[in-house]
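What follows is one structure encoded as structure tokens, with my remarks underneath.
The values are calculated or read from the model by the stated rules, or taken from the named source; none is laboratory data. Bear in mind the structure is a predicted one, so any value in this text is a computation, not a measurement. Glycine gets a Cβ as well: all are built from the backbone with ideal geometry, and neighbour counts include every protein chain shown.
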Amino acid sequence: MKTSGNTILITGGGSGIGAALAEKFHAQGNRVIVAGRRREALDAVVAGREGMFAMTLDVESAEGVEDFARRVIAEHASLNVLINNAGIMRYEALDTRRDLGDAEATITTNLLGPIRLTNALIDHFTARGDATIVNVSSGLAFVPIALAPTYSATKAAIHSYTVALRDALQGKIEVIELAPPAVQTGLTPGQETRPGYQPLDAFIDEVMALFGEQPTPAEILVERVKGLRFAEREGRFDAALAQMGEMVRKARAGEES
């Protein structure tokens, strides 16, 4: 993936990892479109930055995704990079019957959203010859936590989907997976200042350095996520599973006390 001269679309671009990536890629000489539900947040990201654009997108709506794809291609014909970053994380209890609204919303946003948007843009991208798709998964794709089972499952699915997509598009479109560790963002309540999570600035700096490598790695993995990514291969899966679960339980207990 070239580091400048792109037109980049970032979903979930109004805050957190998406907004930070948008600012860094823009500073490197790229046109950047941030997309998401909250217009006010998107406008704050692009304010004062020439060559940055905000567009509303509701990834939960199949029709909305198709309409958005038509609009973004019409307004930004040079679009050649998609970063599927939008996602939600909800805590769920698996030991009692519950309403599945959170699980269903998580699947729709985290899994169907990227699949739908990629599908809506695929013909445009294959016609360009210089396109890249980046799917944001998670360290929890490789070692889940029981408190966020559907989130973990959707990220495992995104990893699998990305592997298949890379194989299917070989020689046509570059496909990259970005798998963050636990990062201090607003993904869950209290997470922006949660001890033990990687500060957002440090994470983004490491990510941008990896994007700058030539060739670009197929998987963007900062040092903190490698313990999860390779836990099973290295025979540490059970220990990592227990460690992750305990870390999140302690963090939540401290925030709720």
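For the stretch 160-194, a residue qualifies if it is free of Cβ contacts under 8 Å to residues at least 24 places away in the same chain, closer than 20 Å to Leu117 by Cβ and of a type outside the set (Ser, Thr, Tyr), and the qualifying residues are Val163, Ala164, Asp167, Ala168.
Taking each residue of the stretch 224-236 that is assigned to a loop (DSSP other than H, G, I, E, B) and looking for partners that are at pLDDT below 95 and surrounded by 14 or more Cβ atoms within 10 Å (Cβ to Cβ) with beta-carbon atoms closer than 8 Å, six or more apart or interchain, yields nothing. Residue check: Thr162 meets all listed conditions (1) surrounded by fewer than 20 Cβ atoms within 10 Å (Cβ to Cβ); (2) polar (S, T, N, Q); (3) closer than 19 Å to Thr216 by Cβ but one, namely (1). Here Thr56 clears all of (1) closer than 26 Å to Leu169 by Cβ; (2) touching a helix residue (DSSP H, G or I) at 6+ places or on another chain (Cβ under 8 Å) except the condition numbered (1). Listed conditions (1) without any contact (Cβ under 8 Å) to a residue 40 or more places away in the chain; (2) closer than 27 Å to Tyr197 by Cβ are all met by Asn135, apart from (1).
Residue-by-condition table, conditions (1) farther than 28 Å from Lys172 by Cβ; (2) surrounded by 14 or more Cβ atoms within 10 Å (Cβ to Cβ):
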{"site": "Ala20", "(1), (2)": "yes, yes"}
{"site": "Arg39", "(1), (2)": "yes, no"}
{"site": "Ala47", "(1), (2)": "yes, no"}
{"site": "Gly64", "(1), (2)": "no, yes"}
{"site": "Asn85", "(1), (2)": "no, yes"}
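The one condition from (1) of a type in the set (Val, Ile, Thr); (2) under 22 Å from Met208 (Cα atoms); (3) touching a strand residue (DSSP E or B) at 6+ places or on another chain (Cβ under 9 Å) that Thr3 does not meet is (3).
The single condition from (1) out of contact with any Leu (no Cβ under 8 Å at 6 or more places or on another chain); (2) assigned to a helix (DSSP H, G or I); (3) farther than 20 Å from Thr132 by Cβ that Val248 fails is (1). Restricting the search to helices (runs of 4 or more DSSP H) fully inside the stretch 17-128 and requiring at least 2 residues that are at pLDDT 95 or above and either aromatic (Phe, Trp, Tyr) or under 26 Å from Val222 (Cα atoms) (or both) gives 101-107, 113-128. Before we move on, is Asp123 surrounded by fewer than 23 Cβ atoms within 10 Å (Cβ to Cβ), under 20 Å from Asp67 (Cα atoms) and not aliphatic (A, V, I, L, M)? So Asp123 fits the description; yes. Kindly check whether there is at least one residue in the stretch 175-198 that is exposed (fewer than 14 other Cβ atoms within 10 Å of the Cβ) and either of a type in the set (D, E, K, R) or out of contact with any helix residue (DSSP H, G or I) (no Cβ under 9 Å at 6 or more places or on another chain) (or both). Among the residues of the stretch 175-198, at least one is exposed (fewer than 14 other Cβ atoms within 10 Å of the Cβ) and either of a type in the set (D, E, K, R) or out of contact with any helix residue (DSSP H, G or I) (no Cβ under 9 Å at 6 or more places or on another chain) (or both), which makes the answer yes. For the stretch 76-83, does any single residue satisfy the condition of being in contact (Cβ under 8 Å) with a residue 12 or more places away in the chain, among the hydroxyl-bearing types (Ser, Thr, Tyr), buried (at least 16 other Cβ atoms within 10 Å of the Cβ) and more than 18 Å from Ala179 (Cα to Cα)? No: zero hits. Annotation note: Cβ proximity below 8 Å between a residue of the stretch 195-211 that is assigned to a helix (DSSP H, G or I) and a residue that is hydroxyl-bearing (Ser, Thr, Tyr) (sequence gap 6+ or interchain) occurs for Leu200/Thr185; Leu210/Thr216; Phe211/Thr3. Candidates Ala44, Ala35: the one that is of a type in the set (Gly, Ala, Ser) and either under 15 Å from the mean Cα position of the chain (by Cα) or under 30 Å from Pro215 (Cα atoms) (or both) is Ala35.
Screening Ala105 on (1) of a type in the set (Gly, Ala, Ser); (2) under 26 Å from Ile145 (Cα atoms); (3) in contact (Cβ under 8 Å) with a residue 60 or more places away in the chain shows it passes everything except condition (3).
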